[in-house]
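Report on the structure given below.
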Amino acid sequence: MKKQLDFILKGGLTKRYHTWDTTRQQNVAEHSFFVAWLLMLMYGIDEVSEYVLVHALAHDISEGAVGDVASPVKRAMPELKKLLDKAEDAAFKESGLPFDEKATDEERRQLKMADNMEGLMFCRVELNKGNQQMQEVYDNYHSYIVAMKPVGKELKMFKLLGGHYERK
């Protein structure tokens, strides 16, 4: 149990946006908390599967063992992303924490949407505090969400966070 607790603590305390000058530091635990809440707001507390909520809490925790590599880097270097994913999976398994990796395509989409929405939300707060350096990061999240074609409550949340998307 100590090994698992140490893994959770280290993973949760891992800093996000370490290559950006932010007005305050965000860690994986805070990010995961908001991802879980965004899932429940967008899809309904009774509609989000237990799997997705657990995954929301666990999806970045392995970064405590592997490190946090920025999304644009992973998107530009798919081979690196595969290696990082493999290392993160190995670190999670090594921790001894139980986790079932059987997700439907819809569950993966919901998690990715909430993950990107949380990034957009963090950047919106930074921009509202006058940190214009985060505009580039905000624009990246914005483009990721637009590419996913948000609908319904996803689109409503996107617009609440300053996003704009016109269906064609």
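Bear in mind that the values in this text are calculations on the coordinates, not laboratory data. Remember, it's a predicted structure, so these values are computed and weren't measured experimentally. Positions of Cβ are backbone-derived with ideal geometry, glycine not excepted, and every protein chain shown enters the neighbour counts.
If you count, for each residue, the other Cβ atoms within 10 Å and average over each peptide, how do 105-117, 125-137 line up from highest to lowest?
Working: 105-117: 18.7, 125-137: 15.2.
Packing proxy ranking, top to bottom: 105-117, 125-137.
How do 36-42, 64-70 rank on mean C-beta neighbours within 10 Å, highest first? Provide the component values of the computation, followed by the final result.
Values: 36-42: 19.9, 64-70: 17.0.
With the highest mean Cβ count within 10 Å placed first, the list reads 36-42, 64-70.
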message: Going by amide H atoms built from the backbone, whose H comes under 5 Å of the H on residue 27, apart from near neighbours?
response: 16
- line: In whole Hz, the Karplus estimates of ³J(HN,Hα) for the range 119-125 (6.51, -1.76, 1.60; θ = phi - 60°; x where Gly or Pro) are x, 4, 5, 4, 5, 4, 4
- prompt: For the chain, what is the mean residue ellipticity at 222 nm derived from helices alone (per DSSP H run of n ≥ 4: -39500 (n - 2.57); sum divided by total residues; nearest 500 deg cm²/dmol)?
  reply: -20500 deg cm²/dmol
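Using 1/(1 + (r/R0)^6) with R0 = 22 angstrom and r between the beta carbons of residue 41 and residue 97, what's the FRET efficiency to the nearest 0.05? Mind dumping the intermediate values first?
On the way: r = 26 Å, r/R0 = 1.20.
Plugging the Cβ-Cβ distance into 1/(1 + (r/R0)^6) gives 0.25.
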- prompt: Which angle between 0 and 90 degrees, to the nearest 10, do you get for helix 2-12 versus the longest principal axis of the chain when only C-alpha atoms count?
  reply: 20 degrees
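Sorting check: for 148-158, 25-35, which peptide has the highest mean count of neighbouring beta carbons within 10 Å, and how do the rest follow? Please report the intermediate quantities before stating the final value.
Working: 148-158: 16.1, 25-35: 18.8.
Most protected by this proxy first, the peptides run 25-35, 148-158.
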For the range 48-57, Karplus couplings with θ = phi - 60° (6.51, -1.76, 1.60), whole Hz, Gly/Pro x: 7, 5, 4, 4, 5, 5, 5, 5, 4, 6
statement: For the residue 6, residue 155 Cβ pair and Förster radius 45 Å, calculated FRET efficiency rounded to 0.05 is 0.65
- prompt: So how far, in whole Å, is the C-alpha centre of the range 100-168 from the one of the range 22-79?
  reply: 12 Å
